[in-house]
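Computed from the coordinates by the stated procedures, all read-outs in this text should not be read as laboratory data. Predicted model, so just to flag it, every value in this text is computed and none were measured. All Cβ positions, even for glycine, are placed from backbone atoms using ideal geometry, and neighbour counts span all protein chains on display.
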Amino acid sequence: MQLHNLKPAEGSTHKTKRIGRGEGSGHGGTSTKGNKGQQARTGYQSKFGHEGGQMPIQRRMPKRGFKNPNRVDYKVFNLGQLDFLIEKYSIAEFTPDILYINGLINRTDVVKILGNGELKAKIPFKVNAISAKAKEALEAAGATIELI
């Protein structure tokens, strides 16, 4: 085998459709665009969501629900997870910065601790929010809590 003998695999290449190059090509005349009309003209562009005069789907569907612009999405950690995370990442202080450095949250995430499970570690916590049950459990375990 040499460079001048190389060919693509059988059936892997196709001839391109040469539209509008005479009747002999099979794609002459109207160039596969049908007869007349806006879509046969040059520069035709359909608008997004246009359905040819039919009422578009986004207008046929009813509006539903409400998006609260003031909603706060917390990154939630349960007490049951904390011992595992503290041990795995050797965390000495539970803060959003340390969680971000360890890849557990994004830079803009807001951290909240919930009270599901038990905690044994006695480290300081600096979080954005904490549930009442989690606060009681952390204070009982001897951890210090600071809300940011």
Extension reserve of the K47-E10 stretch, reckoned as 0.36 nm per residue once the Cα distance is removed: 9.3 nm
Within-11-Å neighbourhood charge of A129 [Cβ basis; K, R +1; D, E -1]: +3
Cα centre as origin, Lys/Arg/Asp/Glu Cβ charges: region 93-135 dipole, Debye: 180
Largest to smallest principal axis extent of the C-alpha atoms in region 1-73, angstrom: 68, 44, 19
Student exercise, region 75-147 dipole from Lys, Arg, Asp, Glu Cβ charges, in Debye to nearest 20: 140
Between helix 79-88 and the chain: long-axis angle, C-alpha atoms, 0 to 90°, nearest 10: 80
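Once you have the Cα-Cα distance between Q58 and E87, take 0.36 nm times their residue separation minus that, and quote the gain in nm to one decimal.
Additional length available on full extension: 5.4 nm.
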Fluctuation leader among G115, G53, G65 - the chain, Gaussian network, Cα springs under 10 angstrom: G53
Label of the coordinate-derived value, Rg and Dmax of the Cα atoms in Å, listed as (i) 32.2, 89; (ii) 16.2, 52; (iii) 32.7, 94: (i)
Most mobile of Y74, Y44, Y100 in a GNM of the chain (Cα contacts under 10 Å): Y44
Loop-exposed GluC sites (Glu not before Pro) per DSSP, neighbour cap 14 Cβ within 10 angstrom, longest uninterrupted part of the chain: 11-92
